[in-house]
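The values are calculated or read from the model by the stated rules, or taken from the named source; none is laboratory data. On a predicted model such as this, the values are computed, not experimentally measured, just so you know. Cβ atoms come from the backbone with ideal geometry, glycine included; neighbour counts cover every protein chain shown. Note: accessible area is taken over every heavy atom of the protein model, side chains too, but ligands, DNA and RNA are not part of it. Shrake-Rupley method; radii C 1.70, N 1.55, O 1.52, S 1.80 Å.
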Amino acid sequence: MDLHFECTQCGKCCHGLRLTLSVDEAIAWADNGHCVQILTEALPCHAGDAGDNAQAGYDKARSFPAVSGEMPLRIAAVLVAFHENACPHLQPDMRCGNYAARPRICRIYPLESRPFMKVSPERKLCPAEAWASSHPRLLRGDDIADLVSAKIVADHRRVLTDDVPVVAAACEALKISEAAFANEGFAVHQPDAQCLSAELKRAKSAQIDGQTPRPWTIVTNRGSTRSFLIEAGCVASATRRGKGYLGSFPDET
């Protein structure tokens, strides 16, 4: 089934969101004095080693090797622009004041930046009238109808995986070493914007030949998960949902 879409300029997608950024976009965002966070998630070490499993291959490409206690694992660390209320570039008429230099993630909305995730109007913030069949075609079946948009999506996905060694080096320099357990949420790190920018620039200019696994702690708000991880030989600690932890499940005592 084809999907049609046209932006209504409601501005909902410009409020209270975390926007996935490339390293270059994160540097520009931080250098402008805006907030950049790093969301971290610990994935099973075997991610990407499952033959023709495309999802596993993508998980490996977007992560770097680490260790927690006795367990090898992989860390997915994502740079995001965070604005608790309106985006600092949103103008009163709901137009973007940074339109020409806006991040790729803004350019592709409401398309999905993640592979294997289908566009669902129900999961988007856009009003119903944005999806009228009289609007331009967004998807032709499962394919992106507009070739320009398709290229931006492909570039966004490619750059995020290409950036992994730089983000890994920045995490090490900033002493970030806690991650949520896979599919349970994200640990949220908010370093000083200028420090983050400097470390990203330093990592970009360095010759990174390999990624030596270093120790990480897995944080969880679920007692059952923490017990399981400790029994498996991991270093795990308890946390609660809040600014530092975006949990997908209620806190367990």
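The mean accessible area for residues of the stretch 3-82, using a 1.4 Å probe and ignoring ligands and nucleic acids, is 41 Å² per residue.
For the stretch 178-233, the dipole from Cβ point charges (+1 on Lys and Arg, -1 on Asp and Glu) about the Cα centre works out to 100 debye, to the nearest 20.
The order of K151, K243 by accessible area, most exposed first and with a 1.4 Å probe, is K243, K151. For the stretch 17-102, GluC sites (Glu not before Pro) meeting the loop criterion (DSSP other than H, G, I, E, B) and having at most 11 other Cβ atoms within 10 Å: E70, E84. Along the axis of the charge dipole computed for the stretch 143-253 (Cβ charges of +1 for Lys and Arg, -1 for Asp and Glu, origin at the Cα centre), the listed residues A145, T239, N183 are led at the positive end by T239. Taking the convex hull of the alpha carbon positions in the stretch 1-74 and averaging its projected area over all directions gives 9.0 nm².
Compute the accessible area per residue over the stretch 102-162, keeping the other protein chains in place, probe 1.4 Å, unit Å².
Averaged over the residues of the stretch 102-162, the accessible area is 59 Å².
Taking the square roots of 5 times each eigenvalue of the Cα gyration tensor of the chain, largest first, gives ellipsoid semi-axes of 32, 21, 19 Å.
Taking every DSSP helix (H) stretch of at least 4 residues in the chain, weighting each as -39,500 (n - 2.57) and dividing the sum by the residue count yields a mean residue ellipticity at 222 nm of -8000 deg cm²/dmol. The stretch between A145 and Q207 holds 18.4 nm of extra length on full extension. This uses 0.36 nm per residue minus the Cα-Cα distance. Among P191, P110, P127, the residue with the largest mean-square fluctuation in a Gaussian network model of the chain, with springs joining Cα atoms closer than 10 Å, is P127. For the stretch 18-138, the C-alpha radius of gyration sits at 1.31 times the compact-globule guess of 2.2 N^0.38 Å, with N the residue count. Simple point charges give the picture: +1 on the Cβ of Lys and Arg, -1 on the Cβ of Asp and Glu, and for the chain a dipole about the Cα centre of about 300 debye.
Accessible surface of the stretch 105-248, 1.4 Å probe: 51 percent of it comes from carbon and sulfur atoms. Scaled to the globular estimate 2.2 N^0.38 Å, the Cα spread of the stretch 172-253, given as radius of gyration, is 1.29. Net charge dipole, the stretch 113-253: roughly 140 debye, given to the nearest 20, about the Cα centre with Cβ charges of +1 for Lys and Arg and -1 for Asp and Glu. Normalised by residue count, the stretch 110-226 yields a Cα convex hull volume of 182 Å³ per residue. Taking all protein chains as shown and a probe of 1.4 angstrom, Y99 keeps an accessible surface of around 140 Å².
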